[in-house]
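All remarks here apply to the structure that follows.
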């Protein structure tokens, strides 16, 4: 399967390609409708929310201190780099806001689910 940078999507099992630079997206893990529904239920139970105006997940985490928040971000950053899948995030003192979406394909993928679960695991360990 090939994908177009930032402008491709999958609907009813069909990958739609629009104008842009092609690259191999075999590493992109598309979610089936059933998987998406199941994972969203699981993640919503841990505080993740769907973003209203785009196909993304969002969560705000609160820590005891800036150091704890920054330590959390460092651990997530190392995993994100290993996955080659980077969150959009914002940090002020002890708060971290995270948005996950697979930008190459303009929506949620299994990469987002894996990273969200890792984020929850790290947050619980602190």
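The values are calculated or read from the model by the stated rules, or taken from the named source; none is laboratory data. No experiment lies behind these values; they were computed from the predicted model shown. Positions of Cβ are generated from backbone atoms using ideal geometry, with glycine treated the same way; all protein chains shown enter the neighbour counts.
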In this structure, does residue 67 turn out to be at pLDDT 95 or above, under 18 Å from residue 125 (Cα atoms) and touching a helix residue (DSSP H, G or I) at 6+ places or on another chain (Cβ under 6 Å)?
no
Flagged in the stretch 27-50 as exposed (fewer than 12 other Cβ atoms within 10 Å of the Cβ) and on the phi > 0 side of the Ramachandran plot, in numbering order, are none
Boolean, residue 43 is touching a residue at least 40 places away in the same chain (Cβ under 8 Å) and touching a helix residue (DSSP H, G or I) at 6+ places or on another chain (Cβ under 6 Å):
yes
Residue ID - surrounded by the most Cβ atoms within 10 Å (Cβ to Cβ), chosen from residues in the stretch 87-116 that are more than 22 Å from residue 35 (Cβ to Cβ) and under 15 Å from the mean Cα position of the chain (by Cα)
96
